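To start, the structure under review is shown below, and the notes come after it.
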Amino acid sequence: MDENVAKYIASFPDDIQEKLLKLRALILENAKGAEEHFAYSMPAYSIYNRPLLYYGAYKNHIGFYALPSGHKAFEKEFLKYKRGKGSVQFPNNEDLPLELIQRIVLFRVEENFQKRNKVE
């Protein structure tokens, strides 16, 4: 696990740390072999030599960045959240939608796996 990610998480209040730790554990559990690093001033993950996703904590939300493909695939499920082309905002005053996030992680892992196989 990346030391910079641990420091990043530790810099937030306890309630946000708890959410970030759950998110981190969920990603690492469902993206076996993913590399954790720090990019764009936030925790980042890659697998099969390709970016997988990023997340970051903000004053009112946790930003989750599963790249445009991940967000397009789950567009209907994101309707209740504020979102951008490649991001979704999970409000800090709500529980993280862990089941949804798990499905997104698995989708992105499979997508990267398929892309890797096309290249090789």
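The values are calculated or read from the model by the stated rules, or taken from the named source; none is laboratory data. Not measured: the values here are computed from a predicted model. Here the Cβ positions follow ideal geometry from the backbone for every residue, glycine too, while neighbour counts run over all protein chains shown.
Out of contact with any Phe, Trp or Tyr (no Cβ under 7 Å at 6 or more places or on another chain), on the phi < 0 side of the Ramachandran plot and at pLDDT below 95, is that true of ASN117? In short, yes. Pairing residues of the range 83-107 that are among the small types (Gly, Ala, Ser) with residues that are assigned to a loop (DSSP other than H, G, I, E, B), at Cβ distances under 8 Å and at least 6 apart in sequence or on separate chains, gives GLY86/ALA66. ALA57: modelled with pLDDT of 95 or more and under 18 Å from VAL109 (Cα atoms), yes or no? No, not satisfied. Here ARG24 does not fit the description of being within 24 Å of LYS118 (Cα to Cα) and either at pLDDT below 95 or in contact with a Pro (Cβ under 9 Å, 6 or more places away or on another chain) (or both).
Selection within the range 8-32: residues that are outside any helix (DSSP H, G or I) and under 15 Å from the mean Cα position of the chain (by Cα). The member of this set that is surrounded by the fewest Cβ atoms within 10 Å (Cβ to Cβ) is LYS32.
Identification of strands (runs of 3 or more DSSP E) wholly contained in the range 42-120 with 1 or more residues that are aliphatic (A, V, I, L, M) and surrounded by fewer than 17 Cβ atoms within 10 Å (Cβ to Cβ) yields 42-47. May I ask you to list the residues in the range 71-101 that are among the aliphatic types (A, V, I, L, M) and either touching a strand residue (DSSP E or B) at 6+ places or on another chain (Cβ under 8 Å) or under 13 Å from LYS22 (Cα atoms) (or both)? Once the filter is applied, which keeps residues that are among the aliphatic types (A, V, I, L, M) and either touching a strand residue (DSSP E or B) at 6+ places or on another chain (Cβ under 8 Å) or under 13 Å from LYS22 (Cα atoms) (or both), the range 71-101 yields VAL88, LEU96, LEU98, ILE101.
When the range 32-72 is filtered for residues that are out of contact with any Phe, Trp or Tyr (no Cβ under 6 Å at 6 or more places or on another chain), under 19 Å from LEU100 (Cα atoms) and aliphatic (A, V, I, L, M), the ones remaining, listed by number, are ALA66, LEU67.
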